[in-house]
Amino acid sequence: MQELEHAARALGWHGCLIPDIEVFGTRFGAMTRLRPDVHYWRSTHGWEPQADPSWFRSWSEPSMHDHLPVPGVDLLGVLVPVSKARRALRACGTLMTLAPCTVVLPGDHPYRPWPLTELDYYGIGVVRSGPDGPGELVLAPEDRSTEFGFSLFDRWLLEVLYFKVLEHDCRSRENATGS
């Protein structure tokens with residue numbers, strides 16, 4: 001968790017860090033921000049977060065499109081811890097289509113131009129980070145999500161993150177840091 005917090009600071013990302021998400025066998029952290037106006041509306045109208053994928057499948061039906069709640073959070077970025085840079089592209093996979101995606105390498109990981117050149121090509125950021133010190137930004141991520149469009153998977157993930165933000169009670173921490 002410390003490594004992800006240090007990496008988020010190195011990137012200048014502020015919000016609620018959800019450190020341990022697993023989707024399609026990939027573990028990652030998500031930097032999110034609660035949308036207070038939407039959260040208030042959803043809370044007062046009984047639209048709790050719907051993280052159950054079976055319930056969410058019904059949203060793909062055209063007759064249900066007018067029953068979709070607005071997402072309660074924004075996904076600001078994705079942090080994917082990996083032990084070696086050569087594993088980074090595979091670890092990011094489809095996550096790089098959702099938001100700016102950054103791999104978090106161990107703080108003592110050596111700098112090598114390859115595979116970092118490949119990561120730069122795909123817009124994947126790189127931060128070296130350990131538990132005891134500040135993270136070092138090696139390569140800034142790019143937001144490529146607009147190139148891929150919005151999918152039902154994206155929307156489901158936002159519901160999962162909305163649930164996690166409320167579970168972690170990030171509202172008070174976001175307000176305290178001014179984020």
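A few comments on the model shown:
- Surface calculation, 1.4 Å probe, protein heavy atoms: S43 sits at approximately 60 Å² accessible.
- You can think of it this way: the chain between H168 and S151 has 3.6 nm of extra reach, that is 0.36 nm per residue less the Cα-Cα gap.
- Ranking A30, G72, G130 by Cα position along the charge dipole of the chain, where only Lys, Arg, Asp and Glu carry charges on their C-beta atoms, puts G130 farthest toward the positive end.
- With DNA, RNA and ligands ignored, accessible area of T94 (1.4 Å probe; Å², nearest 10): 80 Å²
- Cβ-based net charge around G29, under 12 Å, with every Lys or Arg adding one and every Asp or Glu removing one: -2
- Using alpha carbons only: equivalent-ellipsoid semi-axes of the chain, gyration tensor based, whole Å: 30, 19, 12
- D20 - accessible surface, heavy atoms, 1.4 Å probe, Å² rounded to 10: 90 Å²
- Residues whose placed amide H lies under 5 Å from that of L76, excluding near-sequence neighbours: M31, T32, R33
- For the chain, the list of Cys residues with no other Cys C-beta under 4.7 Å reads C92, C101.
- Accessible area, probe 1.4 Å, largest first, for residues M96, M31, M1: M1, M96, M31
The values are calculated or read from the model by the stated rules, or taken from the named source; none is laboratory data. This structure is a prediction, so every number in the text was calculated from the model and none was measured. Note: ideal-geometry Cβ built from the backbone for every residue, glycine included; neighbour counts use all protein chains shown. Areas reflect the complete protein model, heavy atoms only, side chains present, ligands, DNA and RNA absent. Shrake-Rupley method; radii C 1.70, N 1.55, O 1.52, S 1.80 Å.
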